[in-house]
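Novice: This is the structure, below, for whatever I ask next.
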Amino acid sequence: MLSPIASLSLSTLIEKLQSAELRSVDLTTAFMDSIADHDARLGAFVHLDRDVALQQAADVDAKRDAGESQGPLAGIPVAVKDVLCMKGQPATCASRMLKGFVPPYDATVIAKLKQAGAVVIGRTNMDEFAMGSSGENSAFHPTRNPWDTERIPGGSSSGSAVAVAARMAPLSLGSDTGGSIRQPAGLCGIVGMKPTYGRVSRYGLIAYASSLDQVGPFATDVTGAALLLEAIAGHDPLDSTSVNKPVPEYSKTVDHPLAGLKIGVPVEHFAEGLAPDVEKAVRAALEVYKSLGAELKEVHLPHSKYAVATYYLIATSEASSNLARYDGVHYGHRAEKFDSLGEMYEASRGEGFGDEVKRRIMLGVFALSAGYADKYYTKALQVRRLIRGDFDSAFREVDVIAGPVTPTAAFKLGEKTSDPLSMYLSDIYTISANLAGLPGMSIPCGFTAEGLPIGLQLQAAPFEEERLFRAARMYERETDWHTRLPPMAH
Amino acid sequence: MSYDVIIGLEVHVQLQTQTKIFCGCSTMFNPDHPNVQTCPVCLGLPGALPVLNGHGFRLAVKTALGLNCQIAPYTKWDRKQYFYPDLPKGYQISQFDLPFSHDGHVDVEIAADAKSGKAASSRRVRILRAHMEEDAGKNMHDESGHGRDSKVDLNRAGTPLVEIVTEPDLRSSEEARRFLEELKLLLTYLDVSDCNMQEGSLRCDANVNLHVHQPDGSKVATPIVEVKNLNSFRFTEQAIEHEIARQWKWFQETGIKLGDKGGYKSTRGYNPDRGETYILREKEEAADYRYFPDPDLVPVLMSESQVAEIRREMPEAPALRRTRFESEYQLTGYDAAVIIDQGREFADYFEGVVKSCKDGKQAANWITQDVLREIKQREQTIAEFAVRPEVLGALLDRINQKQITIKSAREVFGELLSESDEQSAAPSVSRIDEIVAAKGLGIVEDAGAIDAAIAAVLGRSAKAIADFRGGNEKAIGALIGQVMKAVKGADPQTVKEKIIAAMSQL
Ligand SMILES: [Zn+2]
């Protein structure tokens, strides 16, 4: 049974905390209780530290009692994906390889969360090293979809999506390399955003594919996502790829509708493979925009058919390099038995990594090998520029691009585990935003006949997050999909 | 049959920065306290990201400009991937296809050798490229023989390096050593590296092979050998010598050429105790480092005006300064080289002395002999030497002004030094005049006194006068000596002239 507090919107929670009607300790306790009630079935969390969370909450309450100034998220619990380093808390990326690893430093986004007064409530499950689209690749346990626990919640930020969807946390952070925020947000019926590459610091985000990874927010509504992004975005001198641009106050403008909004509808995202009920819900959402005065325009993304192939060359190439540091020498898993340095490497990595991680490392090593790099890695970089070019042309015509997040609603656990290629295709609509470095978000836009959530994806030109939030909120005001609760949370 | 020796060098130079290339950790040489100069970045912890040290990059550009290299307007960072315990990320951040600089040269002068009768020569060594990279840590293996754990010290990991790659333009081990000496001189002049080889600030790999002359006039190449990790100039010279002899013997025995079966490029180490190279890797398998651009770093753009600005900050390169010393101060090539080769501070000292005494030759004589001798004896650097350039210049100026003799000046110089040794304070210019006055070393201008002394000496030196007239020019020395003894502080040149004049009138 869901506590009444846990089902309130983020704005309401903030108001109640600010007016001292609600104390952070009570709020945090309510969400902790919700976790205790549901997480045994859902498997969204891999690490909880109740004492640390309640201490953070008590500190916020004490500051408020003393009349001290408070950050914008003061007292709000936030769950974080197990891919972000936090001083003194384990960070495992849901891998045996990093079991027991405790980083001695805070990721920049964690430092910013603390500055904003947020209470880090727990660390969420994920596909190992963020490689996966179903949450099943966790070395610890799979995460289940709260709308149907026989189904996957999406991935790789499976736990962060489920934590918010099942109201075990009002907000959470995920990371998105090819759709890892937007896809599970869509499959779990919540809001998720991948910001522009460079908008949010990657310092302390354990890398999967450095040129694609971005940290982003999950929330139950658009305003919550805007507030959380506002708190974590901005230039970071510790990340050379973070961009030095001022961060707009998204939460202040989110309720301002966009006049004369031009929405691009990519022909390629409504092609073969798209499930009819998903298409129906997305087209209905487009009609809502039309009724609000938006203009719909067909756009073409001709190179999008190469996006999945391009992604799996670039992401795996970078991953093969990023994951080389897990060699059993300095930290992480080291095999017990070996007779030489070579054997120590082989056994430690062989035991520490799961199958999907090994598959991607091998693919990446191959794509970068002498004699193959030109054919694969370098070629993929060229296609990546063409994909970006497609978007640049499209955004000369339209303000946002709208379409489905995924080809189908959530599938069953185990349904695609033996067929990696079909699993990879579940990211077909989300991957190009990472390749092009664009912001994209997923908002709830309906349900299948079986009662599974369907997501609407909105994408914009680089650094146009403000426009995305406003466009998303226009739709959200007209609909109530985001207010529905999964059956197990009733 | 004869052969040409073909040598190319790869030199790793540690840049003199306070902090590492991609993080804020100290670069201090600190082998007694392992792993204290580390942070998430240079430990390669999950999630940590590199940020380029801009100062280090400028030092690298200075280095390349000193090597007469072109500076690339666009350069990027690549990952060189291999597994090794001293490499915490599993890759080294380096530069692959777009190094920040390329196509330079260093001119090396090789002195004449009296023993072999070889004339002086010079060699232009082309620089193929110079690129920047991070250093690895240091593995420390248990040498007790008890098979205890190996350990890794990451204090050095992330220290900025420039790797300088020459074309195979060197033709002897001596040229290779001279190249390294000239390189070290250049880098210390530019203040970009301390080139301390004991601390590993300068390390060298040498690629060596022979081009053997055939009876028909053609040449065949012996397999190329890379001798790794030479950590002194002497070892580099010795290792190359050994390699030349070894390859020549091997070629005569087997006739195996580069590219033949068994004629692969190989890698060897050098054992200085045995004076021999030894095999490290028999067959140089083309190691696949799977280089690719580091997505955590952004490319560096260098405009012409930024390069010009760095060029303006650079001190005069030693080769140019050597030539200028010869023309501006009329120094011999030898003296100019002795002064320049002592390093920038020493050359600055020389120019400080010249500024005060306006006599380059006089200054060079004193500095290459007296000063050099004294600092060597005291095991001092020129910066620590008590007699500062303006004081030595003032002393030399007094010789030129005929206020004191060279002999007296040496006495004053010795006195200044022994006083400073006692008081450990640098003497001032005024101390010169006090010593001259106290010791009565001033040149006596009193012609009457000198004339009287000459008359007296000549009066009792009939034999010496006869000897001198009989053609024994040395005989006059004794006469000068007697006059000088009688008139302290007399200028020996004046005395000599007066004696000759007086004798002609006898
Ligand atoms: Zn460091």
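Novice: P(r) tail for chain A, what percent of Cα pairs lie past 32 Å?
Specialist: On the way: 41453 of 119805 pairs.
I get 35 percent for the Cα pairs in chain A exceeding 32 Å.
Novice: Subtracting the Cα-Cα distance from 0.36 nm times the residue separation, let me have the gained length for B:Ser430 to B:Gln330 in nm, one decimal. Each step should come with its number before you reach the end.
Specialist: Working: separation 100, 0.36 × 100 = 36.00 nm, distance 2.95 nm.
Result for the pair: 33.1 nm of gain on full extension.
Novice: If you take each beta carbon of peptide B:46-59 and count the beta carbons of other chains within 10 angstrom, what is the mean? Don't jump to the answer; show the numbers that get you there.
Specialist: Details: counts 20, 16, 10, 14, 3, 6, 1, 0, 0, 0, 0, 0, 0, 0.
Average neighbour count from other chains, rounded to a whole number: 5.
Novice: Pairs A:Lys16/A:Lys63; B:Lys402/B:Lys488; B:Lys20/B:Lys80; A:Lys114/B:Lys20: which are spaced more than 22 Å apart, C-alpha to C-alpha?
Specialist: On the way: A:Lys16/A:Lys63 16 Å; B:Lys402/B:Lys488 14 Å; B:Lys20/B:Lys80 18 Å; A:Lys114/B:Lys20 29 Å.
Going by Cα-Cα distance, A:Lys114/B:Lys20 fall outside the 22 Å limit.
Novice: Along each principal axis of its Cα atoms, how long is chain B end to end? Whole angstroms, biggest number first, please.
Specialist: That gives 94, 60, 56 Å along the principal axes, largest extent first.
Novice: Follow-up. Evaluate E = 1/(1 + (r/R0)^6) for A:Ala335 and B:Ala287, where r is the Cβ-Cβ distance and R0 equals 25 Å; express this FRET efficiency to the nearest 0.05.
Specialist: Details: r = 25 Å, r/R0 = 1.00.
Rounded to the nearest 0.05, the efficiency is 0.50.
Novice: Considering only protein heavy atoms, what is the solvent-accessible area of B:Leu52 at a probe of 1.4 Å, reported in Å² to the nearest 10?
Specialist: Roll a 1.4 Å probe over it and B:Leu52 shows about 50 Å².
Novice: Now a separate question. Need one number: % antiparallel among DSSP beta bridges in chain A, to the nearest 5. Before the final figure, lay out the partial values.
Specialist: Details: 29 of 44 bridges.
That works out to approximately 65 percent antiparallel.
Novice: Hey, another quick one. Is the stretch A:234-310 best put as rounded, prolate or oblate by its Cα gyration tensor, with a ≥ b ≥ c the root eigenvalues, rounded for a/c under 1.5, and otherwise prolate when a/b is larger than b/c, oblate when not? The partial results should precede the final answer.
Specialist: Working: a/c = 2.59, a/b = 1.29, b/c = 2.01.
Oblate, because a/c is 1.5 or more while a/b does not exceed b/c.
Novice: In square angstrom, rounded to the nearest 10, how much accessible surface does A:Trp481 have for a 1.4 Å probe?
Specialist: 60 Å²
Novice: Can I ask one more? Under a 1.4 Å probe, what is the accessible area of chain A per residue, stated in Å²? Before the final figure, lay out each step's value.
Specialist: Values: 16840 Å² over 490 residues.
Accessible area per residue, chain A: 34 Å².
Novice: Just how far, in whole angstrom, is the stretch A:19-83 from the stretch B:96-146 if you go by their alpha carbon centroids?
Specialist: That distance is 60 Å.
Novice: Could you work out the helix-only [θ] at 222 nm for chain A, with each DSSP H run of four or more residues adding -39,500 (n - 2.57) and the total divided by the number of residues, to the nearest 500 deg cm²/dmol? Write out the running numbers ahead of the final one.
Specialist: On the way: 16 runs with 184 residues, N = 490.
Value at 222 nm, helices only, nearest 500: -11500 deg cm²/dmol.
Novice: Heavy atoms only, probe 1.4 angstrom, no DNA, RNA or ligands counted: give me B:Phe413, B:Phe29 ranked by accessible area, highest first. Don't jump to the answer; show the numbers that get you there.
Specialist: Working: B:Phe413 5, B:Phe29 105 Å².
Putting B:Phe413, B:Phe29 in descending order of accessible area: B:Phe29, B:Phe413.
Novice: Which entries in B:Lys355/B:Lys407; A:Lys112/A:Lys252; A:Lys99/A:Lys358; A:Lys375/B:Lys261; A:Lys194/A:Lys297; A:Lys194/A:Lys412 show an alpha-carbon gap greater than 29 Å? List each step's numbers first, then the result.
Specialist: Numbers: B:Lys355/B:Lys407 22 Å; A:Lys112/A:Lys252 19 Å; A:Lys99/A:Lys358 17 Å; A:Lys375/B:Lys261 31 Å; A:Lys194/A:Lys297 24 Å; A:Lys194/A:Lys412 25 Å.
From B:Lys355/B:Lys407; A:Lys112/A:Lys252; A:Lys99/A:Lys358; A:Lys375/B:Lys261; A:Lys194/A:Lys297; A:Lys194/A:Lys412, over 29 Å: A:Lys375/B:Lys261.
Novice: Taking every Cα atom in the stretch B:369-506, find the radius of gyration and the maximum pairwise distance Dmax, and write them in Å.
Specialist: 18.6, 55
Novice: A further question follows. May I ask what percent, to the nearest 5, of DSSP beta bridges between residues of the protein assembly as shown are antiparallel? Intermediate results must be reported in sequence, preceding the final value.
Specialist: On the way: 89 of 107 bridges.
DSSP beta bridges in the protein assembly as shown are roughly 85 percent antiparallel.
Novice: So between B:Asp273 and B:Cys39, what do we pick up on full extension, going 0.36 nm a residue minus the alpha carbon distance?
Specialist: Working: separation 234, 0.36 × 234 = 84.24 nm, distance 3.81 nm.
Result: 80.4 nm gained on full extension.
Novice: Next question. Say each of B:Lys151 and A:Leu292 gets a label point 7 Å from the Cα, pointing the same way as Cα to Cβ; how far apart are those two points in nm?
Specialist: If labels sit at B:Lys151 and A:Leu292, their model points lie 6.4 nm apart.
Novice: Find the Rg to Rh ratio for the stretch A:55-186, where Rh is the Kirkwood radius over alpha-carbon pairs and Rg uses the same atoms. Before the final figure, lay out each step's value.
Specialist: Values: Rg = 15.2 Å, Rh = 15.1 Å.
Computed over Cα atoms, the ratio is 1.01.
Novice: Then there's this: Of all the Cα-Cα pairs you can form in the stretch B:447-504, what percent are over 19 Å apart?
Specialist: Working: 275 of 1653 pairs.
The answer is 17 percent, as a whole percent.
Novice: Residues in the stretch B:213-228, backbone N under 18 Å from the label point at B:Asp260 (7 Å along the Cα-to-beta-carbon vector): list them, ranges by number please.
Specialist: Residues passing the 18 Å test: B:213-225.
Novice: Hey, quick one: spin label on A:Val267, modelled 7 Å out along Cα-Cβ, who in the stretch A:283-313 has an amide N within reach, i.e. under 16 Å?
Specialist: Correct set: A:297-306.
Novice: Give the relative contact order (percent, whole number) for the stretch B:396-506; include only Cα pairs under 8 Å separated by 6+ residues.
Specialist: So the answer I get is 28 percent.
Novice: Using only atoms on other chains, find how many Cβ atoms lie within 10 Å of each Cβ of peptide B:290-302 and report the average.
Specialist: Shielding by partners across B:290-302 averages 5.
Novice: Note down the accessible area of A:Tyr376, probe 1.4 Å, to the nearest 10 Å².
Specialist: Rounded to the nearest 10, that gives 80 Å².
Novice: Can you tell me which of B:421-431, A:443-453, A:200-210 comes out highest on packing, and rank the rest after it, using the mean Cβ neighbours within 10 Å?
Specialist: Numbers: B:421-431: 12.3, A:443-453: 20.2, A:200-210: 26.5.
Averaged packing, sorted descending, gives the order A:200-210, A:443-453, B:421-431.
Novice: Which order, highest average first, do B:104-116, A:145-157 follow once you tally other Cβ atoms within 10 Å for each residue and take the mean per peptide? Before the final figure, lay out each step's value.
Specialist: Numbers: B:104-116: 14.0, A:145-157: 28.0.
With the highest mean Cβ count within 10 Å placed first, the list reads A:145-157, B:104-116.
Novice: How many Å³ per residue does the convex hull of the Cα positions in the stretch B:316-439 occupy? Intermediate values should be presented prior to the final figure.
Specialist: Values: hull volume 11.9 nm³, N = 124.
Convex hull volume per residue, Cα atoms: 96 Å³.
Novice: Expressed as a rounded percentage, what relative contact order does chain A have, with Cα pairs under 8 Å and six or more residues apart?
Specialist: The value is 18 percent.
Novice: Now, a different point. From the helices alone, meaning DSSP H stretches of at least four residues, give me the mean residue ellipticity at 222 nm for chain B, per-run term -39500 (n - 2.57), in deg cm²/dmol to the nearest 500. Write out the running numbers ahead of the final one.
Specialist: Values: 16 runs with 198 residues, N = 506.
Helices in chain B give a 222 nm mean residue ellipticity of -12000 deg cm²/dmol.
Novice: Let me ask another. When the Cα centres of the stretch B:164-222 and the stretch A:102-118 are compared, how far apart do they sit, in Å?
Specialist: 51 Å
Novice: Right, another one. Between rounded, prolate and oblate, where does the stretch A:345-490 land on the alpha carbon gyration tensor, with a ≥ b ≥ c its root eigenvalues, rounded for a/c under 1.5, else prolate if a/b exceeds b/c? The partial results should precede the final answer.
Specialist: Details: a/c = 2.73, a/b = 1.31, b/c = 2.08.
It comes out oblate by the Cα gyration axes.
Novice: Of A:Lys63, B:Lys151, A:Lys358, which has the most accessible area with a 1.4 Å probe, and how do the rest follow in descending order? Display every interim value, and only then the final one.
Specialist: On the way: A:Lys63 85, B:Lys151 125, A:Lys358 65 Å².
Ranked list, largest accessible area first: B:Lys151, A:Lys63, A:Lys358.
Novice: If B:Phe83, A:Phe129 are ordered by their accessible area, calculated over protein heavy atoms with a 1.4 Å probe, which sequence runs from highest to lowest? Show your work: numbers first, answer last.
Specialist: Details: B:Phe83 80, A:Phe129 5 Å².
The ordering from most to least exposed comes out as B:Phe83, A:Phe129.
Novice: With an 8 Å Cα cut-off and a minimum separation of 6 or more residues, compute the relative contact order for the stretch B:316-439 in percent.
Specialist: Details: 114 pairs, mean separation 26.2, N = 124.
Reported relative contact order: 21 percent.
Novice: Can you list the residues of the stretch A:463-481 with backbone N under 19 Å from a point 7 Å past the Cα of A:Ala259, pointing along Cα to Cβ?
Specialist: Counting backbone N atoms under 19 Å from the label point, the list is A:467-468, A:470-475.
Novice: Moving on to the next point. Report, in whole Å, the centroid distance computed from the Cα atoms of the stretch B:381-452 and the stretch B:1-65.
Specialist: 48 Å
Novice: Of the GluC sites (Glu not before Pro) in the stretch B:134-167, which ones lie in a loop per DSSP and count no more than 16 other C-beta atoms within 10 Å?
Specialist: On the way: sites: B:Glu134, B:Glu143, B:Glu163; in loops: B:Glu143.
Here the GluC sites (Glu not before Pro) that fit, given the DSSP loop and packing criteria, are B:Glu143.
Novice: Starting from the eigenvalues of the Cα gyration tensor, five times each then square-rooted, give me the equivalent ellipsoid semi-axes of the protein assembly as shown, largest first, whole Å.
Specialist: Details: eigenvalues 1171, 224, 124 Å².
Listed largest to smallest, the semi-axes of the protein assembly as shown are 77, 33, 25 Å.
Novice: Taking a probe of 1.4 Å and counting only protein heavy atoms, give the total accessible area buried between chains B and A in Å², rounded to the nearest 100. The partial results should precede the final answer.
Specialist: On the way: alone 25690 and 18120 Å², together 41150 Å².
Summing both chains' loss of accessible area gives about 2700 Å².
Novice: Carbon and sulfur: what percent of the protein assembly as shown's accessible surface (1.4 Å probe)?
Specialist: So the carbon and sulfur contribution to the accessible surface is 51 percent.
Novice: On to the next question. State, to one decimal in nm, how far the label point of B:His55 lies from the label point of B:Ala114, with both points 7 Å from Cα in the Cβ direction.
Specialist: Once both label points are built, they end up 4.8 nm from each other.
Novice: Given chain B, what percent of its DSSP beta bridges are antiparallel, to the nearest 5? Walk me through the numbers on the way to the answer.
Specialist: Values: 60 of 63 bridges.
Of those bridges, close to 95 percent are antiparallel.
The values are calculated or read from the model by the stated rules, or taken from the named source; none is laboratory data. These figures come from a predicted structure and were not determined experimentally. Cβ: placed from backbone, ideal geometry, glycine included. Neighbour counts: every protein chain shown. Quick note on the areas: whole protein, heavy atoms, side chains included, nothing else; ligands and nucleic acids left out. Shrake-Rupley method; radii C 1.70, N 1.55, O 1.52, S 1.80 Å.
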